[in-house]
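Contents: one structure, followed by commentary.
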Amino acid sequence: MQNLLSPKKRNPKRIINKLKEDWILYLLIAPCILYFILFHYFPLIGMKLAFEDYRIIGDNVFVGFKHFNTLFKSPAFFKVLKNTVIISTMKILICFPIPIVLSLLINEIRSSKYRKYVQSVVYLPHFLSWVVIAGIWISLLSTSTGAVNQIIEAFNGTPVDYMTSKKHIRWVLVFSEMWRSAGWDSIIYLAAITKISYSLYEAAMVEGANRWQQTIHITLPELRATIVTVFILNLGFFMNAGFDQVYNMMNDSVISVVDILDTYVYRVGLANGQYAYATAASLFKGVIGIILISSTHMISKKLTGKGIW
Amino acid sequence: MKKILALLLIITLMFSLIGCGKAKQEDASSASGNTSNTENSSENNNETKDGEPVKLRIVMKDLSPSNPGDVKYIEELEKALAKKDINVKFEIVETPSGNYAEKLNLLLLGEDIPDIIYFQGGDKQIAEQGILEDLTPYIEKSEIIQKAMLPHNKKRMENYPYLIWLKPIKTKAPVVRSDWFEASKTGKALLDNPTIDNYYKFLKELKEKDFSGDGMPKYGLTVSGNIIELDSIFNQAFGITGAWVKDSEGKYVYGKVSEFEKEKLAFYHKLYKEGILDPEYLTKKWDTKEKAFYDNTVGLIIGSTGKVIDIYDGKMKKANGQEASLTVLPPAKGKGQGYLPIDVTKESRGIAISALSPNKELAFKVIEFLASDEGQMLDRLGFEGEHYEVKDGKIHLTEKSQEWFAKFFEVHSWEPTKKIATPLLSEPAVDSMKKAEKYYVEDTNFMIPEGFVASWDAMTNLYKEYSADIITGKKSIEEFDTFVKQWYEAGGKEITEFANKLLK
């Protein structure tokens, strides 16, 4: 592909020859390209709805920044924005390193049968829906029958209603997210670990490095590029603090601390049929995501020489 | 071999992508009922010019072209309509799984507008764009529909003439195990005079007395996540007679920021503090609420009148024996008495006809048929030989009838031509419907204008959180005044002015 686009080889005949030569490879990638164009790039045109009032009959009416003004003037907007930023920051700071640690730990398991068992167990929560997970966590944290509070009581502690406590609910969101995604997210790091040349470890062992030193001085530095890429890509979803999770775990007592941009847009925008308003909020989120990805990429390039491209 | 396999894989992937596009094109081509069949039909004819049935596109929750039962139902409906000289061929429009109101709105905004549309919310924005037909002139001409409409249906139709939904009044009523109710010392007094105090005494007894013999129930009552169900018993008694109530100066004030509300929240806090109200009510969902009732953890729950209470009764008897049938309790009596006031600003769900349909008259004839005796027979009872059998001049419901439910209307005045050997609903369910009628209170309310939607959301959330915190004791009842102040600052002042202009 690089050869094909190289300025030196822009001769149409060469391009055709190259296409003919590798036609099967281009054909293989064609459905993917088509998929992205159809389902990811083409719908971007619909973003113009953020600047219009939708009309089922006749043309949409251009209204400029009307929906953005409504969004930014809404009394709840800055509150939900603040919640989104806080919950996302907590999730990134706490949940992001866990899969790395988990992959390092799984990599240290010598018995392949036991490793497969551990992997299956930690991947499992990823396949559960948030409706089910919310049910599990509500039961687990119940003040009357929940295991957590029964343990607290066994140590003469006072039961805590974590689900309705403004102080604790964000932590419930973070830890339930961690429980669900840590295993699955560790796959990418495990794959990266298998790519590290074994000769590096052999050389370190000859020098007398123990397992800890090998992890710190070989595995982690070799994982740096993957970590940076995943981190930057994760930042792109910074404004998605987890609609399904929050929607299923929210209750009347904790609205002010867990109501995020997505749940707000769902209530005010989608449930009320205000699609242009919902599109404006999505566009706002998208712009923030792009800014975060680009700035982190640039900072990372300057500091570590690695980025996502 | 590898190349052939790769080629096959690519062809499959390409076809699946093209397939997605093609389905969309087909959808788009049939948008707005622009099919060749409908083009041939004329407004007042019951069939096309070439004698073929007129195609009517219909979208409805729980009506899917991939469900053989639904397809059979539609075929039976077509046959029954044909007998009345209404020749139609229905095309069921399938909505993707998920939230029906949301998916339906996306379908309509994508300019795919079926002739007959069932809404379960989200209709106001569509009606505002002129997509829905005003049903008033059709109803004026229809004796069947006029007869089937109850006073609340008529009021709703006057206020919002786009949706029709012929069902008995639906509200929420409290239910308790009959054997426990009869064994209680305070039950009789509650039934004779259901004051707030008598309710309190009964709920307290439910919590304190060992009715089951194994320490149950643990709590007097539970609700699913919020206090709406609890309000169904107590709101009227505390003086919250509607969404908007009059203050001492005769001006309208939002019920949830009134002094009555403060008094009510203090009472709810008392129930919570004394362990009468389930301490985990905030995290209860409808299923865990029901489970707590059937396994006797709580003594009383509140459910929708009619079919839902019928289900509660069936499940309770299955779990605890025939003697555990349910007793429906009246609402508390105080400043007023009634269950939750019935909102008459509009139908919250119902059937609409597309204003763009070339077959509006015909679509209305279908609606009219569904409200007629013949239509009700099919819609309420299902298929003869499958859901019911006729023996000795009586209708006997089969086991399979449990799976059947009316997809459209439940006309209040409808009586089958033959007597039904087994009643359609259990005794408590019928009683709940009678009580819903007896304690009918009309709401004083209006639809929140578009300009207030965002601030209304903020105000609603403010109430939800303050009320939950006051009930659970995280905030004292004195902080209710701070809530009221914040509510007015969040847009309450403007909406109250608007309410006073509108309601007068």
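Identification of helices (runs of 4 or more DSSP H) wholly contained in segment A:175-246 with 3 or more residues that are within 13 Å of the chain's Cα centre (by Cα) yields A:220-236. Hey, among the residues in segment B:89-133 that are within 11 Å of chain A (Cβ to nearest Cβ) and polar (S, T, N, Q), which one's surrounded by the most Cβ atoms within 10 Å (Cβ to Cβ)? Selected residue: B:N105.
Okay, residues lined up against (1) under 17 Å from B:I228 (Cα atoms); (2) surrounded by fewer than 18 Cβ atoms within 10 Å (Cβ to Cβ); (3) away from chain A (no Cβ under 14 Å); (4) touching a Gly at 6+ places or on another chain (Cβ under 8 Å):
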position: B:Y281; (1), (2), (3), (4): yes, no, no, yes
position: B:W286; (1), (2), (3), (4): yes, yes, no, no
position: B:A292; (1), (2), (3), (4): no, no, no, no
position: B:G303; (1), (2), (3), (4): yes, no, yes, no
position: B:M316; (1), (2), (3), (4): no, no, yes, no
position: B:Q322; (1), (2), (3), (4): no, yes, yes, no
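Here the condition is being assigned by TED's automatic domain parsing to the domain that holds A:A76, without any contact (Cβ under 8 Å) to a residue 24 or more places away in the chain, closer than 26 Å to A:A134 by Cα and over 20 Å from the mean Cα position of the chain (by Cα); of A:N272, A:N251, it holds for A:N272 alone.
Note on segment A:244-289: among residues that are under 21 Å from A:L141 (Cα atoms) and hydrophobic (A, V, I, L, M, F, W, C), the one that is farthest from the other protein chains (Cβ to nearest Cβ) is A:V246.
One line per residue, one yes/no per condition, for (1) in contact with an Asp or Glu (Cβ under 6 Å, 6 or more places away or on another chain); (2) assigned to a loop (DSSP other than H, G, I, E, B); (3) closer than 21 Å to B:F238 by Cα; (4) modelled with pLDDT under 95:
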residue: B:D310; (1), (2), (3), (4): no, no, no, yes
residue: B:G314; (1), (2), (3), (4): no, no, no, yes
residue: B:K318; (1), (2), (3), (4): no, no, no, yes
residue: B:P330; (1), (2), (3), (4): no, yes, yes, no
residue: B:E347; (1), (2), (3), (4): no, yes, no, yes
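It is to be established whether one or more residues within segment B:411-434 are in a loop (DSSP other than H, G, I, E, B), more than 14 Å from chain A (Cβ to nearest Cβ) and surrounded by 20 or more Cβ atoms within 10 Å (Cβ to Cβ). Taking every residue of segment B:411-434 in turn, at least one turns out to be in a loop (DSSP other than H, G, I, E, B), more than 14 Å from chain A (Cβ to nearest Cβ) and surrounded by 20 or more Cβ atoms within 10 Å (Cβ to Cβ).
To keep it simple, each residue is scored yes or no on (1) crowded, with 18+ Cβ neighbours inside 10 Å; (2) touching an Asp or Glu at 6+ places or on another chain (Cβ under 6 Å); (3) of a type in the set (S, T, Y).
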position: A:N240; (1), (2), (3): no, no, no
position: A:M249; (1), (2), (3): yes, no, no
position: A:V268; (1), (2), (3): yes, yes, no
position: A:N272; (1), (2), (3): yes, no, no
position: A:I293; (1), (2), (3): yes, no, no
position: A:K301; (1), (2), (3): no, no, no
position: A:G305; (1), (2), (3): no, no, no
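The residue that is farthest from the other protein chains (Cβ to nearest Cβ), among those in segment A:45-79 that are in a strand (DSSP E or B) and not charged (D, E, K, R), is A:F62.
Restricting attention to segment A:80-136, the residues that are outside any helix (DSSP H, G or I) and either farther than 27 Å from A:L220 by Cα or not aromatic (F, W, Y) (or both) add up to 5. The set of residues in segment A:124-161 that are of a type in the set (G, A, S) and at the interface with another protein chain (Cβ under 10 Å from one of its Cβ atoms) comprises A:A134, A:G135, A:S139, A:S142, A:S144, A:G146. So, in segment B:444-488, of the ones that are in contact with a Pro (Cβ under 8 Å, 6 or more places away or on another chain) and of a type in the set (A, V, I, L, M), which residue ends up surrounded by the most Cβ atoms within 10 Å (Cβ to Cβ)? Top of the filtered list is B:A454. Among the residues of this structure, B:D134 counts as one that is modelled with pLDDT of 95 or more and over 18 Å from B:F369 (Cα atoms).
Could you pull out the residue among A:Y114, A:Y35, A:Y41 that is outside the structural domain of A:G242 (by TED's automatic domain parsing) and either within 30 Å of A:L190 (Cβ to Cβ) or in contact with a Cys (Cβ under 6 Å, 6 or more places away or on another chain) (or both)?
Values: A:Y114 fails: outside the structural domain of A:G242 (by TED's automatic domain parsing); A:Y41 fails: either within 30 Å of A:L190 (Cβ to Cβ) or in contact with a Cys (Cβ under 6 Å, 6 or more places away or on another chain) (or both).
Only one candidate passes the filter, namely A:Y35.
The values are calculated or read from the model by the stated rules, or taken from the named source; none is laboratory data. Keep in mind that what you see is a predicted model, and the values were worked out from it rather than measured. Here the Cβ is made from the backbone with ideal geometry for all residues, glycine too, and neighbour counts use every protein chain on show.
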